[in-house]
Each structure stands twice: as structure tokens, then as C-alpha cells.
Amino acid sequence: MSNDVRTAVVADDHAKPWETVRRGLLLLVSSPAGAGKTSLSRRLAADYSDLILSISATTRAPRPGEEEGREYYFKSRAAFEAMIAAGELFEWAEVNGNLYGTPRAPVVATMEAGKDVLFDIDWQGACQVAEKAPDDSVRVFVLPPSWSDLARRLHARAQDSTEIIDQRLALGKREIAHWGEYDYVIVNKDFDRAYADLIHIYRAERMKPGRNPWLPEFVQGLGEE
Ligand code: 5GP
């Protein structure tokens, strides 16, 4: 892995190794707007305390109901560009005329604590993170069951004007074009089913030998019993 993110192994003498010693992963979830990625991601982060949702910075204006530090850190373009110049962003991209980026410090702190980071980011960001940390990245793409379903969901949200919704649909087509770059693809026809699929992916990835550095010693101990 690159120096961008250092992964720490957390050890606790009093606990069983599989409870505390492991290498965190970076779970990257992308989809066109309206396919359910944000609801799926937020639910997974709420249900798994070892998985910390990365809160992005953005230059886009807050939507009704969005709060500073909960959905995003809302920045002026100048403030965002200053973050880029200072190297404070782990990745960033322009999406539909706005800048979005992942603050580096919380990602590093979470990995150093031996926990996992969940990113709700577009294909450009997912690609950058996967290039920087190929061994630690797991990319998941969420597809809508149909195009009309996606349009219906965007209209039902009633957060944006028709013009903005049309832009988001056009952007969604371009996002979907990258589905083949992902490790896993979920079709979100039914939320509970899609959520169960996401849990399976996350849990299976956590069981990969490389993410559990305690295994060699554990297996050696088994042989010596
Ligand atoms: P929205 O404006 O609908 O909240 O997000 C627009 C798009 O930007 C979504 O695809 C979202 O996943 C993506 N996005 C949000 N945060 C980030 C980020 O930190 N980096 C990148 N590359 N994309 C992001």
C-alpha cells in the first residue's frame, strides 16, 4: 500500500486476536444519484461500529435538510482549492460542476485505529483511492433496477428542480458506464435485499487472510496445541 494511508494493527493482550488485530479496508460505494447508495452506505455505517463513514467536502450548496458535518463539509470554491493545495484531500473530483473530495486526516486516523472506512463517492474518486491503496480498496457499484425507476426516485425526492434532475440523470448514465471497474455490483431492486448483499460483501472482505495479520500466529498455535 502507498504511504497515503498507513494501516495499523491494533493489539490488545487481553482479547482474542480476531477481536482486535486486523487491517482496515476501504469500502468504496458508487452509483448514479437516486440508486440508493447513500441510504445503503449510511445504514451499513450505522450497523457496524468498525466501519466509519467518510464525510466529504464539497462546493455544492446544501440541500434542504442537509447539515454541515453530517452529509458534507460545505466549502467555498476558494476554501476547497486551498485544501487541494495544502494536500488535505485524499482524492477529489469535479462532479456536475461542483468539487467533491475526501479529507485525508480522518481516513488516516480511522485506518490507524484498525477500523474500516466507507466512502460514498463517484467513479473518479473510487478509481483514485483504488490506485493509491489497491490492496485495501473494495469497490461496490449500485445499479438501479431500471432507468424509469431511477428517474422516479429522483423526482420523488423533490429536492431538485426538473432541470437539475435531468442533469443528474445524464450524469448517472456516465457514472453507470464505469460499473465494470468495480469488484462487486448490486442491483437495488429491493432495499433489504440490496442491503443484505452489501453486508455479505463487507463481511466476506473482512475475512480475507491479508486483512487478518493475526492468522499465521494463530494457525501456528493450533499446530502446537
Ligand atoms: P450529491 O451532490 O448528490 O451529494 O453527490 C454527487 C456525486 O458526488 C455522488 O456520486 C457522490 O457519491 C459524489 N461524491 C460525494 N462525495 C465525494 C467525494 O468526496 N469524492 C468524490 N470523488 N465524489 C464524491
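Here are the numbers for the structure shown:
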read-out: Members of the stretch 33-69 found to be in contact with a strand residue (DSSP E or B) (Cβ under 8 Å, 6 or more places away or on another chain), within 8 Å of the ligand (Cβ to nearest atom) and either without any contact (Cβ under 8 Å) to a residue 40 or more places away in the chain or not charged (D, E, K, R) (or both), listed by number; value: T38, S54, S56, A57, T58
read-out: Filter pass, W179 being open to solvent by 70 Å² or more (accessible area, probe 1.4 Å) and among the aromatic types (F, W, Y); value: yes
read-out: Inter-residue pairs, beta-carbon under 7 Å, first at positive phi and open to solvent by 50 Å² or more (accessible area, probe 1.4 Å) and in the stretch 81-101, second within 12 Å of the ligand (Cβ to nearest atom) and not basic (K, R), 6+ apart; value: N96/Q167; N96/L171
read-out: Residue tally, condition over 27 Å from P145 (Cα atoms) and among the hydrophobic types (A, V, I, L, M, F, W, C), over the stretch 35-50; value: 0
read-out: Index of the failed condition, D149 passing every other in (1) touching a helix residue (DSSP H, G or I) at 6+ places or on another chain (Cβ under 8 Å); (2) at pLDDT below 95; (3) open to solvent by less than 40 Å² (accessible area, probe 1.4 Å); value: (1)
read-out: Count - residues of the stretch 70-80 that are in a helix (DSSP H, G or I) and open to solvent by less than 90 Å² (accessible area, probe 1.4 Å); value: 3
read-out: Residue count for the stretch 182-197, restricted to those that are out of contact with any Asp or Glu (no Cβ under 6 Å at 6 or more places or on another chain) and surrounded by 16 or more Cβ atoms within 10 Å (Cβ to Cβ); value: 6
read-out: Residue check, V142 part of a strand (DSSP E or B) and either charged (D, E, K, R) or open to solvent by less than 50 Å² (accessible area, probe 1.4 Å) (or both); value: yes
read-out: Any hit, the stretch 166-174, residues being of a type in the set (A, V, I, L, M) and loosely packed, with under 13 Cβ neighbours inside 10 Å; value: yes
read-out: Of residues in the stretch 99-129 being away from the ligand (no atom under 12 Å from the Cβ) and part of a helix (DSSP H, G or I), the one farthest from P209 (Cα to Cα); value: A105
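The values are calculated or read from the model by the stated rules, or taken from the named source; none is laboratory data. From a predicted model like this one, the values you see are computed outputs, not experimental measurements. Every residue, glycine among them, receives a Cβ derived from its backbone with ideal geometry; neighbour counts consider all protein chains shown. Please note that ligands, DNA and RNA were not included when accessible areas were found on the heavy atoms of the full protein model with its side chains. Shrake-Rupley method; radii C 1.70, N 1.55, O 1.52, S 1.80 Å.
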